[in-house]
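Worksheet for the structure shown next.
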Amino acid sequence: MAKKSTADADIGNVAVLMDSVLDDTSVPRNIRKAVEEAKHKILDKNESLDVRVTTSIYKLDDISNDVNMPSHARTEIWQIISELETIREKEKK
């Protein structure tokens, strides 16, 4: 049970990081839309945690190389991906 609450707390932290990208108006709309989709996916309790995390990672990884993305936003996206990968690795244990 402690493992699940830790994962929920980690997902909450990732959602806060995603919110910072969503609230940044210097980030292009298509990138904010992809981050919003990834956030909805990660918070959707209808699928397993592993599926939600992996889907979100792929979605964010696709946009991380967008040439229109400001460098500070790219750094935030990489940080979010890193946090999601950490969650995925914790779930494997």
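Each value in this text was obtained by applying a stated rule to the coordinates, not by laboratory testing. Keep in mind the model is a prediction, meaning the values are calculated, not measured. Note: ideal-geometry Cβ built from the backbone for every residue, glycine included; neighbour counts use all protein chains shown.
Computed from phi, the 3J(HN,Hα) profile of the stretch 77-91 under the Karplus parametrisation 6.51, -1.76, 1.60 (θ = phi - 60°) reads 4, 4, 5, 4, 4, 4, 4, 5, 5, 5, 4, 4, 5, 4, 5 Hz, with x in place of Gly and Pro.
Mind checking the stretch 1-58 for trypsin sites (Lys or Arg not before Pro) that DSSP puts in a loop (not H, G, I, E or B) and that have at most 14 other Cβ atoms within 10 Å? Within the stretch 1-58, the qualifying trypsin sites (Lys or Arg not before Pro) (loop, at most 14 other Cβ atoms within 10 Å) are K45. Its relative contact order, with pairs defined as Cα atoms under 8 Å and 6+ residues apart, puts the chain at 33 percent. Peptides 63-69, 15-21 ordered by packing proxy, namely the average of other Cβ atoms within 10 Å per residue, highest first: 15-21, 63-69. In plain terms, the residue of T54, T6 with the fewest other Cβ atoms within 10 Å comes first and the most crowded comes last, giving T6, T54. Pairs of Lys residues in the stretch 2-92 are counted when their Cα atoms are under 14 angstrom apart and they lie 8 or more places apart or on different chains; the count is 9.
For the chain, the longest principal axis of the C-alpha atoms and the axis of helix 49-63 are separated by about 10°.
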